[in-house]
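Trainee: Have a look at the structure that comes next, please.
The values are calculated or read from the model by the stated rules, or taken from the named source; none is laboratory data. This is a predicted model, so every value here is computed, not measured. Glycine gets a Cβ as well: all are built from the backbone with ideal geometry, and neighbour counts include every protein chain shown. For the accessible areas, the whole protein counts, side chains as well, though only heavy atoms, and no ligand, DNA or RNA atoms are used. Shrake-Rupley method; radii C 1.70, N 1.55, O 1.52, S 1.80 Å.
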Amino acid sequence: MSIAEISSLHGYVGIEIYNHTSALRQYVGNADYIIDCVLRQGIKTYIFASDDAHSDWDMFGGWIQVKAKELKHEEIVKQIKAGNFYASRGPEIYDYGIEDGKVYIDCSPCCWFYSIL
(Lines give C-alpha, C1' and ligand atoms only; values in the text may rest on other atoms or scores of the structure.)
Protein backbone atom coordinates (compact mmCIF):
# COMPACT_ATOMS: atom_id res chain seq x y z
CA MET A 1 0.00 0.00 0.00
CA SER A 2 1.10 3.54 -0.60
CA ILE A 3 1.61 6.08 2.19
CA ALA A 4 -1.50 7.95 0.95
CA GLU A 5 -3.61 4.78 1.10
CA ILE A 6 -2.40 3.91 4.59
CA SER A 7 -2.95 7.50 5.77
CA SER A 8 -6.58 7.37 4.63
CA LEU A 9 -7.39 4.25 6.68
CA HIS A 10 -9.19 4.38 10.03
CA GLY A 11 -10.07 1.92 12.78
CA TYR A 12 -7.08 -0.42 12.53
CA VAL A 13 -5.05 -1.50 15.55
CA GLY A 14 -1.59 -1.33 14.01
CA ILE A 15 0.74 -1.92 11.10
CA GLU A 16 3.16 -4.78 10.57
CA ILE A 17 6.66 -3.30 10.60
CA TYR A 18 8.47 -6.58 9.92
CA ASN A 19 7.47 -9.86 8.26
CA HIS A 20 10.22 -12.46 8.40
CA THR A 21 8.95 -14.69 5.59
CA SER A 22 8.58 -11.72 3.22
CA ALA A 23 12.04 -10.50 4.21
CA LEU A 24 13.59 -13.87 3.43
CA ARG A 25 11.64 -14.72 0.27
CA GLN A 26 10.99 -11.41 -1.49
CA TYR A 27 13.25 -8.96 0.43
CA VAL A 28 10.20 -6.79 1.20
CA GLY A 29 9.63 -7.61 4.86
CA ASN A 30 10.74 -4.29 6.38
CA ALA A 31 8.19 -1.48 6.68
CA ASP A 32 10.20 0.91 8.83
CA TYR A 33 10.09 3.59 6.12
CA ILE A 34 6.29 3.37 5.91
CA ILE A 35 5.91 3.58 9.69
CA ASP A 36 8.23 6.59 9.77
CA CYS A 37 6.16 8.38 7.11
CA VAL A 38 2.87 7.60 8.88
CA LEU A 39 4.20 8.80 12.25
CA ARG A 40 5.56 12.00 10.67
CA GLN A 41 1.99 12.73 9.51
CA GLY A 42 0.87 12.60 13.14
CA ILE A 43 -0.87 9.25 12.83
CA LYS A 44 -0.13 7.21 15.93
CA THR A 45 -0.36 3.46 15.49
CA TYR A 46 0.96 0.30 17.05
CA ILE A 47 3.64 -1.66 15.22
CA PHE A 48 3.83 -5.43 14.87
CA ALA A 49 6.42 -7.98 13.77
CA SER A 50 5.74 -11.56 12.73
CA ASP A 51 7.57 -14.56 11.42
CA ASP A 52 4.55 -15.54 9.29
CA ALA A 53 5.98 -19.06 9.51
CA HIS A 54 5.05 -21.18 6.52
CA SER A 55 7.65 -23.82 7.37
CA ASP A 56 10.25 -24.57 10.02
CA TRP A 57 13.03 -22.55 8.30
CA ASP A 58 11.26 -19.20 8.66
CA MET A 59 10.08 -19.50 12.26
CA PHE A 60 11.08 -17.18 15.11
CA GLY A 61 12.20 -14.28 12.93
CA GLY A 62 9.78 -11.67 14.26
CA TRP A 63 7.05 -11.51 16.89
CA ILE A 64 5.29 -9.43 19.48
CA GLN A 65 5.83 -9.90 23.19
CA VAL A 66 2.60 -9.26 25.12
CA LYS A 67 2.39 -8.42 28.81
CA ALA A 68 -0.72 -10.35 29.84
CA LYS A 69 -1.98 -11.77 33.13
CA GLU A 70 -3.23 -14.96 31.49
CA LEU A 71 -2.45 -16.94 28.37
CA LYS A 72 -6.01 -16.60 27.07
CA HIS A 73 -7.21 -15.15 23.77
CA GLU A 74 -9.41 -12.46 25.33
CA GLU A 75 -6.65 -11.28 27.69
CA ILE A 76 -4.01 -11.15 24.96
CA VAL A 77 -6.25 -9.18 22.56
CA LYS A 78 -7.17 -6.80 25.41
CA GLN A 79 -3.50 -6.15 26.21
CA ILE A 80 -2.57 -5.67 22.55
CA LYS A 81 -5.34 -3.09 22.15
CA ALA A 82 -4.09 -1.39 25.35
CA GLY A 83 -0.55 -1.20 23.90
CA ASN A 84 1.01 -3.59 26.40
CA PHE A 85 3.34 -5.26 23.91
CA TYR A 86 6.38 -4.66 21.76
CA ALA A 87 7.60 -5.95 18.40
CA SER A 88 10.95 -7.73 18.27
CA ARG A 89 13.36 -9.64 16.08
CA GLY A 90 15.46 -10.79 19.00
CA PRO A 91 15.98 -8.81 22.16
CA GLU A 92 13.70 -9.36 25.13
CA ILE A 93 12.90 -6.28 27.20
CA TYR A 94 12.98 -6.94 30.94
CA ASP A 95 12.42 -3.40 32.21
CA TYR A 96 12.43 0.21 31.00
CA GLY A 97 11.60 3.66 32.22
CA ILE A 98 12.82 7.15 32.94
CA GLU A 99 14.97 7.85 35.97
CA ASP A 100 16.51 11.22 36.84
CA GLY A 101 15.48 12.52 33.42
CA LYS A 102 17.24 9.70 31.57
CA VAL A 103 15.73 6.77 29.67
CA TYR A 104 16.95 3.33 30.72
CA ILE A 105 16.35 -0.14 29.34
CA ASP A 106 17.28 -3.58 30.58
CA CYS A 107 17.18 -6.19 27.84
CA SER A 108 18.75 -9.39 26.60
CA PRO A 109 21.85 -9.10 24.39
CA CYS A 110 21.10 -7.77 20.93
CA CYS A 111 22.89 -6.72 17.77
CA TRP A 112 21.89 -5.27 14.42
CA PHE A 113 22.56 -7.32 11.33
CA TYR A 114 21.01 -7.85 7.96
CA SER A 115 21.43 -11.10 6.14
CA ILE A 116 20.27 -12.26 2.75
CA LEU A 117 19.73 -15.99 2.56
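Trainee: Between 108, 27, 77, whose Cα lies farthest towards the positive end of the dipole of the chain when Lys and Arg beta carbons carry +1 and Asp and Glu beta carbons carry -1, centred on the Cα centre?
Mentor: 77
Trainee: Above 21 Å lies some portion of the pair distances; for the chain, what is it as a whole percent of all C-alpha pairs?
Mentor: 49 percent
Trainee: About its Cα centre, what dipole magnitude does the chain give when the only charges are +1 on Lys and Arg Cβ and -1 on Asp and Glu Cβ, stated in debye to the nearest 20?
Mentor: The dipole magnitude comes to about 300 debye.
Trainee: Can you order the peptides 84-96, 10-22 by their average number of other Cβ atoms within 10 Å per residue, highest first?
Mentor: For the peptides 84-96, 10-22, the packing ranking is 10-22, 84-96.
Trainee: So what J values fall out for region 52-58 if you push phi through Karplus, 6.51 cos²θ - 1.76 cosθ + 1.60 with θ = phi - 60°, rounded to Hz, Gly and Pro as x?
Mentor: Each residue's phi maps through the Karplus curve to give 6, 3, 9, 7, 6, 7, 10 Hz.
Trainee: Right, next: Would you please give the residues with an amide H less than 5 Å from that of residue 89, counting only those at least 5 places away or on a separate chain, with H modeled from the backbone geometry?
Mentor: Those lying under 5 Å, H to H, from residue 89: there are none.
Trainee: Carbon and sulfur together cover what percent of the accessible area of region 15-100 at a 1.4 Å probe radius?
Mentor: Numbers: 3150 of 5970 Å².
Answer for region 15-100: carbon and sulfur cover 53 percent of the accessible area.
Trainee: Same structure, new question: I'd like the Karplus ³J(HN,Hα) series for region 73-82: coefficients 6.51, -1.76, 1.60, θ = phi - 60°, whole numbers in Hz, and an x wherever there's a Gly or Pro.
Mentor: Values, residue by residue: 3, 4, 5, 5, 4, 4, 6, 5, 5, 7 Hz.
Trainee: Follow-up question, since we're still on this one. As a check on your grasp of the helix formula, calculate [θ] at 222 nm for the chain: sum -39500 (n - 2.57) over DSSP H runs of n ≥ 4, divide by the residue count, round to the nearest 500.
Mentor: -6500 deg cm²/dmol
Trainee: Relative contact order for the chain using alpha-carbon pairs under 8 Å, separation at least 6, rounded to a whole percent? Let's see the in-between values first.
Mentor: On the way: 160 pairs, mean separation 22.2, N = 117.
Value for the chain: 19 percent.
Trainee: What accessible area per residue comes out for the chain, rounded to a whole number of Å², with a 1.4 Å probe?
Mentor: Values: 8720 Å² over 117 residues.
Accessible surface, normalised per residue, equals 75 Å².
Trainee: Could you count how many Lys pairs in the chain have their Cα atoms under 20 Å apart, skipping same-chain pairs fewer than 8 positions apart?
Mentor: Close lysine pairs under the 20 Å cut-off: 7.
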